[in-house]
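The values are calculated or read from the model by the stated rules, or taken from the named source; none is laboratory data. Not measured: the values here are computed from a predicted model. For neighbour counting, all protein chains shown are included, and Cβ atoms are generated from backbone atoms with ideal geometry for every residue, glycine included. Note: areas computed on protein heavy atoms with side chains; ligands, DNA, RNA excluded. Shrake-Rupley method; radii C 1.70, N 1.55, O 1.52, S 1.80 Å.
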Amino acid sequence: MASFAQWIEGARPRTLPNAVAPVIAGTGAAAWLDAASWWKALLALVVAIALIIGVNYANDYSDGIRGTDDVRAGPLRLVGSKLAAPRSVLTAAIASLLVAAVAGLVLAWWSAPWLIAVGAVCIAGAWLYTGGSKPYGYLGFGEIAVFVFFGLVAVLGTQFTQALRIDWVGGVLAVAMGCLSSAVLVANNLRDIPTDTQAGKITLAVRLGDARTRLLFYGLLVVAFAVPLVLMLATPWAAVGLVALPLAVRAAKPVRGGLGGKDLIPVLRDTGMTMLVWALAVAGALAFG
């Protein structure tokens, strides 16, 4: 029987910045249009957090029953470590996704009903990442999905629900958030190349190999930190996003040093913190600059 602390660890709290940062960025984009709404931002935050927790538990369940997590270098997985029954983890995943769905329905009702369809696609994407007969996470499309769902959809969706329109500022922010979110997954999959290869999970990292996956990680960080320079066309205060650069350098250090396995776990934390600080700084610049 898993303890409460182990259930929390199974929800993978290190990934929460992937949910929180895009909502902050999208709210900053809405504030740039003088249309920020605190209660809509809060609802969007509930959707994003519940969705990512649901994704994490769904991955734990699906990877666990496939045997992918039987040998693992990363953080605790409940099913793979036999600490929780698969049905219990599946129930936690469904409950989290239901919370995301309910909050999303309320948000769509007060913004644009067609967003319900977008929400349905997001929930389907959450499940099919490692679930179903042909999970796309096993085919090398995980990073693309993260870029779309936790970059483009999360940022532009947050901006649209508050401002009822999007603009180029939101689009640029969405690209940056998508790159940083994808970088977290790239680091995760870089760490798991040996075990994923053994389990038959053909992630993008497995396809690219160790060296090119490290280059991809660097490239995603470079694009994300080029964005504040672009946003300076809107306000010179956007340059404050570079305050997160030392965190990015710290995140990249183990990757650059050729480390692997458990030594790459801090990269996920530091990349997530980079994403969060970046979003807070740039959103503040757009709101008050």
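Scan segment 14-32 and give yes if some residue there is in contact with a Pro (Cβ under 8 Å, 6 or more places away or on another chain) and either within 17 Å of L276 (Cα to Cα) or assigned to a helix (DSSP H, G or I) (or both), otherwise no.
Among the residues of segment 14-32, at least one is in contact with a Pro (Cβ under 8 Å, 6 or more places away or on another chain) and either within 17 Å of L276 (Cα to Cα) or assigned to a helix (DSSP H, G or I) (or both), which makes the answer yes.
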Residue under question is R66, and the condition is that it be in contact (Cβ under 8 Å) with a residue 24 or more places away in the chain, basic (K, R) and touching a helix residue (DSSP H, G or I) at 6+ places or on another chain (Cβ under 6 Å); does it hold? no
Can you tell me which condition L233 does not meet? The list is (1) in a helix (DSSP H, G or I); (2) farther than 23 Å from K134 by Cβ; (3) not basic (K, R), and all the others hold. (1)
Would you check if L245 is surrounded by fewer than 19 Cβ atoms within 10 Å (Cβ to Cβ), without any contact (Cβ under 8 Å) to a residue 12 or more places away in the chain and out of contact with any His (no Cβ under 6 Å at 6 or more places or on another chain)? no
Out of the residues in segment 218-229 meeting the condition of being open to solvent by less than 60 Å² (accessible area, probe 1.4 Å) and at pLDDT 90 or above, tell me which one is farthest from A183 (Cα to Cα). A226
On the given criteria, is L276 over 17 Å from the mean Cα position of the chain (by Cα) and either within 28 Å of T68 (Cα to Cα) or touching a residue at least 12 places away in the same chain (Cβ under 8 Å) (or both)? no
Of the residues that sit in segment 150-184 and are free of Cβ contacts under 8 Å to residues at least 60 places away in the same chain and within 22 Å of L268 (Cβ to Cβ), which one is surrounded by the fewest Cβ atoms within 10 Å (Cβ to Cβ)? L152
Checklist (1) closer than 23 Å to L180 by Cβ; (2) surrounded by fewer than 19 Cβ atoms within 10 Å (Cβ to Cβ); (3) modelled with pLDDT under 95 applied to F4, failing item: (1)
So the check is Cβ under 9 Å with 6+ separation or different chains; which pairs have a first residue in segment 200-212 that's within 19 Å of T68 (Cα to Cα) and open to solvent by 30 Å² or more (accessible area, probe 1.4 Å) and a second one that's part of a loop (DSSP other than H, G, I, E, B) and not hydrophobic (A, V, I, L, M, F, W, C)? G200/T68; I202/G140; L204/G140; V206/G140; V206/D192; R207/G140
Which condition number in (1) under 17 Å from P13 (Cβ atoms); (2) of a type outside the set (G, A, S); (3) open to solvent by 10 Å² or more (accessible area, probe 1.4 Å) is the one that T271 fails? (3)
Taking L107, is it modelled with pLDDT of 95 or more, exposed (fewer than 14 other Cβ atoms within 10 Å of the Cβ), in a helix (DSSP H, G or I) and among the hydrophobic types (A, V, I, L, M, F, W, C)? no
Looking at the structure I just gave you, is A126 of a type outside the set (D, E), more than 20 Å from G26 (Cα to Cα), in contact with a Phe, Trp or Tyr (Cβ under 9 Å, 6 or more places away or on another chain) and assigned to a helix (DSSP H, G or I)? yes
